[in-house]
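Asks: Encoded as structure tokens, here's the structure I'll be asking about.
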Amino acid sequence: LDHVDRFFREVCTINVHYGLGSAEGLAGELEAEDGSPRSLLLHCDELKLLVDKASQDGSVALPMLTTLFERNVFDNTTKGRKIRVRNGYLSLVAACTTETYQRMWHPSFRDIGFINRLFLVHGDAHRRFFAPKPVPESERRRLQDDLAGLVGAIAHTVEARKRPIEMVLDPQAEQILQDWYM
């Protein structure tokens, strides 16, 4: 995660928040004083810690995270506290083993649809090198330039259209997703 974090921060201006304390604290990180859009990457070394924190009784973290992974507004008002997020764009990066992932979910995460909002990248660890060699700087720079171009094109398209980009799946990918979903 540290390598991914550093790679993206070198390319994009990105606000990173390490760990989850409370929904109120996270909302404070998403608030921009002038009301302008604010993007935040929530970086959790272990996904299970986020799940444990968000599943505590009385915590509004689970509904807040679930909502902010889909849209950029969230409100929760109680007698003693008020959470209000406007123009808050939240992303998450976290690590987890397959074994932990399979057993860590509380029913509330499935019921609210939290798991459906995650984009998972699965990797298999194979021992190949006791000390991997660094990626050559020319290759690293090429990948970062490609990423910068992609992020710039997306930002330009969104700004020009004043609405999100709709992703279109090719028919084969759509069928694979439909089969998986059913």
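Asks: Please identify the pairs in which a residue from the range 102-129 that is of a type outside the set (Gly, Ala, Ser) has its Cβ atom under 8 Å from the Cβ atom of a residue that is open to solvent by 100 Å² or more (accessible area, probe 1.4 Å), counting only partners at least 6 apart or on another chain.
Replies: Note: pairs meeting the criteria are Arg117/Glu70.
Asks: Would you mind telling me which numbered condition in (1) surrounded by 13 or more Cβ atoms within 10 Å (Cβ to Cβ); (2) out of contact with any Leu (no Cβ under 8 Å at 6 or more places or on another chain); (3) charged (D, E, K, R); (4) within 18 Å of Gly21 (Cβ to Cβ) Arg117 fails?
Replies: (4)
Asks: If you don't mind, another one. If I ask for residues that are outside any helix (DSSP H, G or I), open to solvent by 40 Å² or more (accessible area, probe 1.4 Å) and touching a residue at least 24 places away in the same chain (Cβ under 8 Å), which ones from the range 46-75 would you list?
Replies: Hits for the range 46-75 are Glu46, Ser59, Phe69, Glu70.
Conditions tested, residue by residue: (1) surrounded by 10 or more Cβ atoms within 10 Å (Cβ to Cβ); (2) assigned to a loop (DSSP other than H, G, I, E, B); (3) of a type in the set (Phe, Trp, Tyr); (4) modelled with pLDDT of 90 or more.
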| residue | (1), (2), (3), (4) |
| --- | --- |
| Gly80 | no, yes, no, no |
| Arg128 | no, yes, no, no |
| Gln144 | yes, no, no, yes |
| Ile154 | yes, no, no, no |
| Ala160 | no, no, no, no |
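Asks: From the list Ser138, Ser108, pick out the single residue that is of a type outside the set (Phe, Trp, Tyr), within 21 Å of Arg71 (Cβ to Cβ) and at pLDDT 85 or above.
Replies: Going through Ser138, Ser108 in turn, just one is of a type outside the set (Phe, Trp, Tyr), within 21 Å of Arg71 (Cβ to Cβ) and at pLDDT 85 or above: Ser108.
Asks: Being open to solvent by 100 Å² or more (accessible area, probe 1.4 Å) and over 25 Å from Ala153 (Cβ atoms) is the filter here, so list the residues in the range 165-178 that pass it.
Replies: Of everything in the range 165-178, just one residue is open to solvent by 100 Å² or more (accessible area, probe 1.4 Å) and over 25 Å from Ala153 (Cβ atoms), namely Ile176.
Asks: Looking at Val60, Val93, Val121, which is the one that is in contact with a His (Cβ under 7 Å, 6 or more places away or on another chain) and not aromatic (Phe, Trp, Tyr)?
Replies: Of Val60, Val93, Val121, the one residue that is in contact with a His (Cβ under 7 Å, 6 or more places away or on another chain) and not aromatic (Phe, Trp, Tyr) is Val93.
Asks: How many of the residues in the range 54-70 are at pLDDT 90 or above and within 17 Å of the chain's Cα centre (by Cα)?
Replies: 10
Asks: Let me ask something additional. Take the residues of the range 82-95 that are under 14 Å from the mean Cα position of the chain (by Cα) and open to solvent by less than 80 Å² (accessible area, probe 1.4 Å): which is farthest from Gly25 (Cα to Cα)?
Replies: Filtering the range 82-95 for residues that are under 14 Å from the mean Cα position of the chain (by Cα) and open to solvent by less than 80 Å² (accessible area, probe 1.4 Å), the one farthest from Gly25 (Cα to Cα) comes out as Ala95.
Asks: Exactly one condition in (1) within 30 Å of Ala125 (Cβ to Cβ); (2) surrounded by fewer than 14 Cβ atoms within 10 Å (Cβ to Cβ); (3) at pLDDT 85 or above; (4) touching a strand residue (DSSP E or B) at 6+ places or on another chain (Cβ under 8 Å) is false for Glu99; which is it?
Replies: Among (1) within 30 Å of Ala125 (Cβ to Cβ); (2) surrounded by fewer than 14 Cβ atoms within 10 Å (Cβ to Cβ); (3) at pLDDT 85 or above; (4) touching a strand residue (DSSP E or B) at 6+ places or on another chain (Cβ under 8 Å), the lone unmet condition for Glu99 is (4).
The values are calculated or read from the model by the stated rules, or taken from the named source; none is laboratory data. It should be emphasised that the depicted structure is a prediction, and the values quoted were computed from it without experimental measurement. Don't worry about glycine lacking a Cβ; one is built from the backbone with ideal geometry, like all the others, and counts go over all protein chains shown. Quick note on the areas: whole protein, heavy atoms, side chains included, nothing else; ligands and nucleic acids left out. Shrake-Rupley method; radii C 1.70, N 1.55, O 1.52, S 1.80 Å.
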